[in-house]
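To keep things clear, I will list the structure first and then write my remarks on it.
Please treat every number below as a calculation from the coordinates, not as lab data. Since the structure is predicted, the reported quantities are computational estimates derived from the model, not experimental observations. All Cβ positions, glycine included, derive from the backbone under ideal geometry; neighbour counts span all protein chains shown.
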Amino acid sequence: MIQVIIIAEGQTEETFVRDVMAPVFAASGIILTARLVEVAGGGRGGALSYERVWKFLRNTLRERASTYVSTFFDLHKLDTAFPAHAGSLKISDSGRRAGYLETAFHADVIARTGCRPDRFIPHIQPWEFETLLFSDLTTLTGTETSWARHLPALQNIRSGFAHPEQINGSQTTKPSARLGLLRNPGFRKVRHGPLAAGRIGLQRIEAECPHFAAWLQRLRTLTPL
């Protein structure tokens, strides 16, 4: 049995790991468990400072030497204190930028904690969780009956990029902002995100999102510690 703790950005990612990823991986003997970083005021997840992130990772890595630890953070609005953040801004390709940050993130956590390098598997999602939902817009817009009329507009957005992970990450053009087109009811990340992703399925998401697929492939190839 292989156990992987995934430190998630927020409740949506936590639910996605639990309800969509974990059942698929469990069939292969890999147990995924999501956790959220505790923040000020007793809350969990969201607006994560790097100081809180690495301390939470340190404590999690020290719990048991037989457990892998990974992350599921958004590239959009990543805390500027993350290692190599300034240098990453020079990289225009979202997947390469996320990979650059992951490499520096890994090196910093290993240097600070002294754990085995193979136990920490950082993942930073370009640009954010909602990116994954652009993998199958027909299924996404079928989540609510009133959303079907918005399918052409969303397909027009999607057609402007080679794959969903390249959809622009600015405040007004990030994937979640694009989903503002959905109305009556409006798109609610925590409710609709994992629900739609579950209907789309990991296989389709991996086929459309290469950086996400590479992360899952790394998790699938883990061996017992």
So for Glu206, Glu9, Glu130, fewest C-beta neighbours within 10 Å to most, what's the order? Glu206, Glu9, Glu130
Can you tell me the 0 to 90 degree angle between the C-alpha axis of helix 189-200 and the longest principal axis of the chain, rounded to 10? 80 degrees
Rounded to the nearest 0.05, FRET efficiency between Asp79 and Ala26 (Cβ-Cβ, R0 25 Å) equals 0.20
Per-selection Rg to Rh, the chain - Cα, Kirkwood hydrodynamic radius: 0.96
So how far, in whole Å, is the C-alpha centre of region 1-30 from the one of region 105-142? 12 Å
Using 7 Å Cα-to-Cβ label points, what is the Ala86/Arg204 separation (nm, one decimal)? 4.4 nm
Magnitude of the Cβ-charge dipole (Lys and Arg +1, Asp and Glu -1) of the chain about the Cα centre, nearest 20 debye, reported as 180 debye
Inter-centroid distance (Cα atoms) of region 59-81 relative to region 156-212, Å: 23 Å
Given contacts defined as C-alpha pairs under 8 Å and at least six residues apart, what's the relative contact order of region 131-200, whole-number percent? 43 percent
When all C-alpha to C-alpha distances in region 131-200 are sorted into bins of 10 Å, what percent of pairs does each bin hold, rounded to whole numbers? 21, 61, 18
In the chain, how many lysine pairs have Cα atoms under 26 Å apart, counting only pairs 8 or more places apart or on different chains? 6
Trypsin sites (Lys or Arg not before Pro) lying in DSSP loop within region 65-102, provided at most 12 other Cβ fall within 10 Å: Lys90
